[in-house]
Every structure is written in structure tokens, then in C-alpha cells.
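Asker: Before we start, here is the structure in question, set down as C-alpha cells.
The values are calculated or read from the model by the stated rules, or taken from the named source; none is laboratory data. All values derive from a computational prediction rather than experimental measurement. All Cβ positions, glycine included, derive from the backbone under ideal geometry; neighbour counts span all protein chains shown. Ligands, DNA and RNA are stripped out before the accessible areas are found, and what is left, the full protein with its side chains, is counted by its heavy atoms. Shrake-Rupley method; radii C 1.70, N 1.55, O 1.52, S 1.80 Å.
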Amino acid sequence: MSWHATALTLFPEMFPGSLGQSLAGRALREGLWRLDARQIRDFALDKHRTVDDTPCGGGAGMVLRPDVVDAACAAALADGEDRALVYLTPRGKLLDQALVRELVAGPGVILVCGRYEGLDQRVIEARGMREVSIGDYVLSGGEPAALVLLDACVRLLPGVMGGVDSAAEESFSAGAGGAPLLEYPQYTRPVEWQGRAVPEVLLSGHHAAVARWRREMAERATRERRPDLWSRRDDMRDGVAAKASAG
Ligand code: SAM
């Protein structure tokens, strides 16, 4: 059975969207992964197909009803696969490459796409949903976030990307220190462009020197641009050293 993604959404026509193109699109057509988008409104309990109501305690906007979303989740889970149930929300844990790898290792995902002010907290808790954010900004709906999460997952599925090495080397893959680094800068031909030359070492044919240069560049970029990632490396190193001295 191929990796299976279900989006629970008020806008099923937003899928596959960009995932119907390029590598992900080809993989979808070849059956390397499956995608279905289900209309949450189909699980409404009244003849007006109501999916939302006003927030308890007052305030602007509307909130998605727990009973309706619960019924949509139950239908998606009925296929029997033990898939991760994820609610996309700015209140969630930040999506990172480690979480992407974890989701790819399972049978697939069910993605609940919020709208309005979001989803009633009780169904999040009752269903044990994993709350995941794609960044510290607010989108108008969970669908673009679901597409981002799926794109990150699908490219790691076996057979989707040509070069296995590119996934191993790119940004956020764990370096030798065990913690993620940003990737080194990339260059291609022409060797000279608008007075800017490709760094000589990359043309030297000296593999060890190239690897050393790339490592230095990756470390510099991470230190300068992402001090949070860099300090995680320090923490991991300290942890390893502490373990070694205790043992
Ligand atoms: N009232 C919510 C808050 O302040 O946290 C924002 C609701 S937002 C307008 C509507 C929906 O968009 C959310 O329920 C969620 O599904 C989705 N969404 C918005 N920003 C997101 C983000 N950064 N990551 C993941 N999903 C997001």
C-alpha cells in the first residue's frame, strides 16, 4: 500500500494544487502516494450543512464544530490504517525535517485544515490530534499549510526523488554533529558570471577539499542565520560529552 494522505477541508478543490505538478505530481500519477480530499461539510448534522458556530465566551469569527469534524475524522480513520491525525494550526509545534521524516516513516497522514478562528479544542484532545504549525504567521486556512507539509513528506518517499544523496545533504539533515545544518551555497556554470567567479575549490576536483569547504560554509550559514539551530548543536555536543564522562 502506498503512503496515503487525506485532507479534511472545506475546500477540497484546493487539492492536489501544486502537488499535481513536478515530482510530487508524477509520483501521484504513478501511485507512489495517494491523496484524497474530503469535504468536512458532508459530515454536517443538519439540513443547512452547518459546520461552524460562534465562539463560546464571545469574540470575532466562527469556530469549527467538534461533532462535525469528529465525524469527518472517523470516516477518514475507518480505512483501518494507523495514520497520524494532524491539525494544522499556528498554535502547533513548528514543522521541521525531523517531524517530516517521522510522518513519512508511517503509513500516511490525515490532515485537518482549519478555517475561521479554528477548531473546537475538545475534538483536538478527544482525537489526540498532533497540532502542527508551518511557521509563525497566520494563514487564512489550513489548506496551504497541508500542501506545504505534504510537499515536504512526498519528496522523501522512496522513488520520488532521483538522487538519494540530495536528501541526505540538504538543509536540516543532521550533520556529523548529529544536529541539523543549513546547506552550503550551490553554484553551476558559467564559471564566471557578471564578474563573479565560482569558488575555486569547487573546480579543483579535490573531493576532500570540496567536502571541507562545504562543511565550513554550512556551519557559517547556520551560525550566522540560525543561532537557534546552532545552539542546538552545542547542546547536543555538551550532552554527548556529559554522557561520555559519566560513562
Ligand atoms: N485564530 C487562530 C489563531 O490565532 O491561532 C487562527 C485561525 S486561521 C485564520 C484559520 C486556520 O488556518 C487555522 O485553523 C489553521 O488551520 C490554519 N493556519 C493558519 N496559520 C497557520 C500556520 N501558521 N500553520 C498551520 N496552519 C495555519
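Asker: What are the residues in the stretch 6-16 that are open to solvent by 40 Å² or more (accessible area, probe 1.4 Å) and under 10 Å from Leu150 (Cβ atoms), if any? Working first, answer last.
Answerer: Filtering the stretch 6-16 for residues open to solvent by 40 Å² or more (accessible area, probe 1.4 Å) gives 11, 13-14, 16.
Pro16, the sole residue that qualifies.
Asker: In the set Val100, Val112, Val132, Val138, which member is near the ligand (Cβ under 7 Å from one of its atoms) and outside any loop (DSSP other than H, G, I, E, B)?
Answerer: Details: Val100 fails: near the ligand (Cβ under 7 Å from one of its atoms); Val112 fails: near the ligand (Cβ under 7 Å from one of its atoms); Val138 fails: outside any loop (DSSP other than H, G, I, E, B).
It is Val132.
Asker: While we're here: Among (1) more than 16 Å from the ligand (Cβ to nearest atom); (2) of a type outside the set (D, E, K, R); (3) closer than 27 Å to Asp67 by Cβ; (4) open to solvent by less than 30 Å² (accessible area, probe 1.4 Å), where does Val160 come up short?
Answerer: Val160 satisfies all of (1) more than 16 Å from the ligand (Cβ to nearest atom); (2) of a type outside the set (D, E, K, R); (3) closer than 27 Å to Asp67 by Cβ; (4) open to solvent by less than 30 Å² (accessible area, probe 1.4 Å) except (3).
Asker: Restricting to the stretch 141-156, what's the tally of residues that are within 6 Å of the ligand (Cβ to nearest atom) and not in a loop (DSSP other than H, G, I, E, B)? Step through it out loud before you land on a result.
Answerer: Here is the first cut: in the stretch 141-156, the ones within 6 Å of the ligand (Cβ to nearest atom) are 141-142, 145.
Applying the additional criterion that residues be not in a loop (DSSP other than H, G, I, E, B) yields 145.
Adding up the residues that qualify gives 1.
Asker: Restricting attention to the stretch 207-240, which residues are open to solvent by 50 Å² or more (accessible area, probe 1.4 Å) and either in the same structural domain as Leu94 (by TED's automatic domain parsing) or basic (Lys, Arg) (or both)?
Answerer: Within the stretch 207-240, Arg212, Arg214, Arg215, Arg220, Arg223, Arg225, Arg226, Arg232, Arg237 qualify.
Asker: A further question on this structure: Test each condition in (1) closer than 20 Å to Phe11 by Cβ; (2) open to solvent by 70 Å² or more (accessible area, probe 1.4 Å); (3) away from the ligand (no atom under 14 Å from the Cβ); (4) within 19 Å of the chain's Cα centre (by Cα) for Ala37 and report the one that comes out false.
Answerer: (2) is the only condition that Ala37 fails.
Asker: Also, quick follow-up: Report those helices (runs of 4 or more DSSP H) wholly inside the stretch 157-246 carrying at least 3 residues which are at pLDDT 90 or above. Steps first, please.
Answerer: Numbers: elements: 164-169, 207-225, 227-246.
Passing ranges, in order: 207-225, 227-246.
Asker: Any idea how many residues of the stretch 57-81 are part of a loop (DSSP other than H, G, I, E, B), surrounded by fewer than 17 Cβ atoms within 10 Å (Cβ to Cβ) and at pLDDT 95 or above?
Answerer: 7
Asker: Kindly provide the set of residues from the stretch 115-129 that are in a loop (DSSP other than H, G, I, E, B), near the ligand (Cβ under 8 Å from one of its atoms) and at negative phi, ordered by number.
Answerer: So in the stretch 115-129, the residues in a loop (DSSP other than H, G, I, E, B) come out as 115-118, 120, 127-129.
Of the ones still in play, those that are also near the ligand (Cβ under 8 Å from one of its atoms) are 115-118.
Within the stretch 115-129, Arg115, Glu117 qualify.
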